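What follows is calculated from the coordinates using simple rules that are stated; it is not laboratory data. Quantities reported herein were computed from a predicted structural model and do not represent experimental measurements. Every residue, glycine among them, receives a Cβ derived from its backbone with ideal geometry; neighbour counts consider all protein chains shown.
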Amino acid sequence: MILLKNIGHLIQDAETVRCGMDLLVHGSQITAIDGGIPEKSADEVIDCQGRIVMPGLINLHTHLYQSVLKGWGDTLTLKPWCEEVTFPFSSIIHASERDGDYRMSYAYAILGAMEMLHAGITTFVDMDILSDSVFQAWHDLGTRGVGAIQAVNRWVPEPLMVPDDVRKERILRTVDLWDRKDLLRVAIAPSTPFACTKEFLLWLRDLAVEKNMPLFIHVSETKWEVEDSLRSTGMTPLEYLESIQFLKAPVCAIHAIHFTEEEHRIAQSRGVSICYNPKSNGKLGSGIAPIVDYLRLGLKVAVSTDGAASNDLLDLFEDMRVGLMLQKLRYEDPSVISAQDVFRMATETPAEILGLNAGILRSGKLADLVIIDPGQVHFGPLHDVVQQIVYCGKSCDVRDVMVNGRFLMKDTRILTVDEPALVRQGFELALEKQESLTGEALVAEF
């Protein structure tokens, strides 16, 4: 058992902060929160005087292969950014995998997961065409990873296409091999409505329902996507998904920037949850999602980083802060949303969307937690701790990270893998792969 003693400020949830508490962990769960828990009840005692202990952050949407594509595509909107940045590099990765070389896949997966661990992220959802090496990297680190299989069968360039029967076979194999293996889970994630045929979308929906897996999809990220959907189907993207009964299953809509009033009604009636990616949407100039409207409709909203090539960090402290300020700007009213609201979007709400017994610190909850040092000049002095986590917090404030009752990081040092060696090897390999890029865009045909 592990005892966190004399906690300066314990953030149990967005509304509950207690001082001078002790927290006891037994196995994977929190078993007690109280003042004066005897030290003899624990095998390890951590003095948390002056520290903030808070729930581990949950990053509901990212693309970890982009962890090695930082600093690319600063002036591009989504479609040319895909064609000039992400598609070419993805093609190189998957070509290497076809040749039996999985080093790059392992490298980007471990680099991204380590960056998130340093930022206090204890659970994440990575949306990609996932190989075994990706799951193995997360397993080696010991983190809680959800592999959302990004499924497409049209729109993407030829090097990324495979026949439908092969694609389905690979998806089923990944689900059977990795879903619920230790701390790992698998989710289903058709990339967009326009990147999948109707038949494939419904096959993916049915698989998610059958296997009780989360279901994600990029929707209405850009005005171009909405206009293209109107041209090709006569309907907006969410209207189309509703018309084919894709929304009969619980769905998390990623981005949802350009929903119409009718789509708001559909989302509310179907209980669609929303994944808000403010920094990514800002870099690509896609727009500001109407998050306050979604909260007023009673929709579940999570804040996430998206991929590192469109952020360019995997740091939810930044996305909480930027996301909060953008909403106040969009509505020209600082009272429409609070720091507590956005803190909940990075903890409790994404846990609910994933069906994960985490996101708040209570007895019986999973021991996924973060210890913060608020002593740096940018953070204090303390007044409203949750507000300061959102407005002042940085990844460098994270000292210790526990996942499933096990410390993966202490005093900013990752304990489970050789981080310096992995960073050096990963950077070298990424630069080697990037040198093979031709500089020519891979254009997706419609």
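Residues 138, 224, 203 in ascending order of nearby Cβ atoms (within 10 Å, fewest first): 224, 203, 138. Of the residues 124, 259, 379, the one that moves most in a GNM of the chain with alpha-carbon contacts below 10 Å is 379. For the pair segment 382-442 and segment 6-66, the centres of their Cα atoms are 21 angstrom apart.
Compute the length gained on full extension between residue 424 and residue 101: take 0.36 nm times their separation in residues and subtract their Cα-Cα distance, giving the result in nm to one decimal.
Working: separation 323, 0.36 × 323 = 116.28 nm, distance 1.83 nm.
The residue 424-residue 101 span can extend by a further 114.5 nm.
Which pairs, out of 198/223; 181/365; 328/365; 365/433, put more than 31 Å between their alpha-carbon atoms? The answer is 328/365; 365/433. Among 132, 179, 13, the largest mean-square fluctuation in a Gaussian network model of the chain (Cα springs under 10 Å) belongs to 132.
Sequence-distant contacts, meaning Cα pairs under 8 Å at least 6 residues apart, place the relative contact order of segment 57-354 at 20 percent. Helices in the chain, meaning DSSP H runs of at least 4 residues, each add -39500 (n - 2.57). Divided by all residues, the mean residue ellipticity at 222 nm is -11000 deg cm²/dmol. Here residue 40 is the anchor, and the lysines within straight C-alpha reach of less than 16 Å, apart from those fewer than 8 places off in the same chain, are 5. Between segment 115-160 and segment 225-291, the alpha-carbon centres lie 23 Å apart. Listed by Cβ neighbour count within 10 Å, with the fewest neighbours leading, 43, 206 appear as 43, 206.
Only aspartates and glutamates eight or more places from residue 410 in sequence, or on another chain, were considered; those with a Cα closer than 15 Å are 44, 47, 115, 368, 373, 397, 400, 418, 419.
Note on the chain: along the principal axes its Cα atoms extend 64, 49, 42 Å, ordered by decreasing extent.
The order of 7, 92, going from fewest to most other C-beta atoms within 10 Å of their C-beta, is 92, 7. Residues of segment 124-151 with an amide N closer than 16 Å to a point placed 7 Å from the Cα of residue 182 along the Cα-to-Cβ direction: 124, 132-147.
The protection proxy used here, the mean number of other Cβ atoms lying within 10 Å of each residue, ranks peptides 350-363, 307-320, 184-197 as follows, highest first: 307-320, 184-197, 350-363.
Let's see if you can work this out: charge +1 on each Lys and Arg Cβ, -1 on each Asp and Glu Cβ, no other charges. What is the dipole magnitude of the chain about its Cα centre, in debye to the nearest 20? Show your work: numbers first, answer last.
Working: 42 positive and 62 negative charges, 162 e Å.
Using only the charged Cβ atoms, the result is roughly 780 debye.
For segment 3-43, just say rounded, prolate or oblate: build the C-alpha gyration tensor, square-root its eigenvalues into a ≥ b ≥ c, call rounded for a/c under 1.5, and beyond that prolate if a/b exceeds b/c, oblate if not. Oblate, since a/c reaches 1.5 and b/c is not below a/b.
Compute the projected area of the convex hull of the Cα atoms of segment 374-423, averaged over all viewing directions, and report it in nm² to one decimal place. Before the final figure, lay out each step's value.
Details: hull surface 18.4 nm².
Average of the hull's projected areas for segment 374-423 equals 4.6 nm².
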